[in-house]
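Q: To start, I am sharing the structure in question, which I have written as structure tokens.
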Amino acid sequence: MITEEIISKFKEHPTPFYYYDLDTLHSVCETVRTESEKRGFRIHYAVKANFNPRILRTIASYGFGADCVSYNEIESAVNAGFSPENVVFAGVGKTDRDIEKALDMGILCFNCESVAEMEVIDSIAGRKGKTATIALRINPYIEAHTHKYITTAIPESKFGINTWELDEVIDHLASLKNLDLKGIHFHIGSQITKMSVFKSLCSRINELQDWFSSHNINLEIINVGGGLGIDYSEPDKPAKFEEYFSLLNEFVRLRPGQRLHIEPGRSIVGQCGSLISRVLFIKKGSNTTFAIIDAGMTDLIRPALYQAVHKIENLTSDGIKGRYDVVGPVCESADTFAKLIELPETRRGDLIAIRSAGAYGESMASRYNLRDLPGSLFQDEL
């Protein structure tokens, strides 16, 4: 929560910057740890959501593992306190360098997305005299009911192994002597708010478990991936962890010796972050009033890329409300955060907060237009 005292201290800092509320992050991590431990689930935080070093250190302190999609993410996670033995390495395009370094690091598991990838990991592991533990990422063909750019379980997707390939994949795996199949992995998309989607995934997992059992393949890791969404209209409201974990516990039928693994990202960090910006100019058109702020799509690309809607607040005005298009300074018409939203009368110099920006905000920032990267500020630094 952003209080009046915090707002007064914001005025002393150059904008734009990400403000992180560690109380919110600690509260979420405590909930996730409590709800996962009571069910025996293993948590791997999705580092791509936010890899700010202090965010990583905070999350690592709760004993979670890490879900990484590059060696740089693995290294950052381990440097922040995550154990390599609790790191899973996903991604459709792992480079030879990334694979070699991950093997040297001694990570828990590679989530493999194709036969070609399996062959390369086997070759590199053989050269190094190592055995690589793998899980097969399987495409379960489930509609995630989210934005098309973050839907990953549809037919002809670049993600995952098709179910119709499984016989061939398992036959080929027998010839790859430097791989040890320990599990199966799924990830159907991001920002999923309908629990029925996860229930469908559970049913598909159970069907595939039966298939592996019929082929006398014993699995230890059942990794359901991530995807749990947050409510962007209510920035102070946490994700529905208890409902989500209860559903998984009820509907995934684990076999003896198996453990459920989950890869939350957005749901852990999304609500702890806000992008703080200043109004540069108010520009009046014939029908539209523009509030031009100093934050742009280079600082938070989600609205431009995904048409995402964030709650936007004017922190320093209590004037008469009006309608504004909130836009950034980048030389792209897509550099728009919101259209015709209601704000108190907004003037040059007002502080604007774009809420629920803790996930896929700072981590996706760029230097397009040679703009500076946004800074970060934590509540105990004010």
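Here, each number is a calculation from the coordinates, and none is a lab measurement. Predicted, not measured: the structure shown is a model, and the values here were computed from it. Note that we place each Cβ from the backbone using ideal geometry, even for glycine, and neighbour counts take in every protein chain shown.
Q: Would any residue of segment 1-40 have its amide N under 20 Å from a label point 7 Å out along Cα→Cβ of R57? List them or say none.
A: 18-30
Q: Same structure, new question: Which value in deg cm²/dmol, rounded to the nearest 500, describes the helix-derived mean residue ellipticity at 222 nm for the chain, given -39,500 (n - 2.57) per DSSP H run of n ≥ 4 and division by the residue count?
A: -8500 deg cm²/dmol, from helical runs alone.
Q: Here's another thing I want to ask about it. Determine which residues of segment 188-212 fall in the zone a paramagnetic label at I170 would reach in this model, i.e. backbone nitrogen under 17 Å from the point 7 Å along Cα→Cβ.
A: What the label zone holds, given the 17 Å backbone N cut-off, is 204-212.
Q: Continuing with the same structure: Apply the Karplus parameterisation 6.51 cos²θ - 1.76 cosθ + 1.60, with θ equal to phi minus 60°, to every residue of segment 271-280 and state each ³J(HN,Hα) to the nearest whole Hz, in sequence, with x for glycine and proline.
A: 7, 8, x, 9, 8, 9, 9, 10, 6, 8
Q: Who wins for biggest fluctuation among K284, K237, K177 in a Gaussian network model of the chain, springs between alpha carbons below 10 Å?
A: Comparing K284, K237, K177 in the GNM, the peak value goes to K284.
Q: Whole-Hz Karplus ³J(HN,Hα) for segment 295-300, in order, using 6.51 cos²θ - 1.76 cosθ + 1.60 and θ = phi - 60°, x for Gly and Pro?
A: Result, rounded to whole Hz: 8, x, 5, 6, 8, 9.
Q: How far is helix 22-37 tilted, in degrees, relative to the longest principal axis of the Cα atoms in the chain, given as a value from 0 to 90 rounded to the nearest 10?
A: Compared with the principal axis, the helix lies near 20 degrees.
Q: Would you kindly state how much longer the chain becomes between E220 and K101 on full extension, computed as 0.36 nm times their sequence separation minus their alpha carbon distance, in nm to one decimal?
A: Extra length from E220 to K101 when fully extended: 40.4 nm.
Q: Suppose each label sits 7 Å from its Cα in the direction of the beta carbon; what would the C331-L280 distance come out to in nanometres?
A: 1.3 nm
Q: Note down the net charge around R371, summing +1 for each Lys or Arg and -1 for each Asp or Glu among other residues with Cβ under 15 Å from its Cβ.
A: Value of the local net charge: -4.
Q: Follow-up question, since we're still on this one. Magnitude of the Cβ-charge dipole of segment 22-270, K/R +1 and D/E -1, about the Cα centre, nearest 20 debye?
A: 360 debye
Q: Would you please give the residues with an amide H less than 5 Å from that of D180, counting only those at least 5 places away or on a separate chain, with H modeled from the backbone geometry?
A: Excluding prolines and chain starts, which carry no amide H, the hits are A132, T133, I134.
Q: Quick check on my link table: of K128/K182; K284/K339; K194/K237; K199/K311, which ones sit more than 18 Å apart, alpha carbon to alpha carbon?
A: Cα-Cα > 18 Å for K128/K182; K199/K311; rest within.
Q: Turning to a different aspect of this structure: Give me the number: length gained by fully extending L22 to N287, i.e. 0.36 nm times residue separation minus the C-alpha to C-alpha distance, one decimal in nm.
A: 91.3 nm
Q: Could you work out how far the C-alpha centroid of segment 209-271 sits from that of segment 84-109, in angstrom?
A: Their Cα centres are 22 Å away from one another.
Q: Let me ask something additional. Quick one: length gained pulling R259 to E207 fully straight, 0.36 nm per residue minus the C-alpha distance?
A: 17.0 nm
Q: Once phi is turned into θ = phi - 60°, what whole-Hz ³J(HN,Hα) does the Karplus curve with 6.51, -1.76 and 1.60 give for every residue of segment 66-71, x standing for Gly and Pro?
A: These are the phi-based 3J(HN,Hα) values: 10, 10, 10, 10, 7, 5 Hz.
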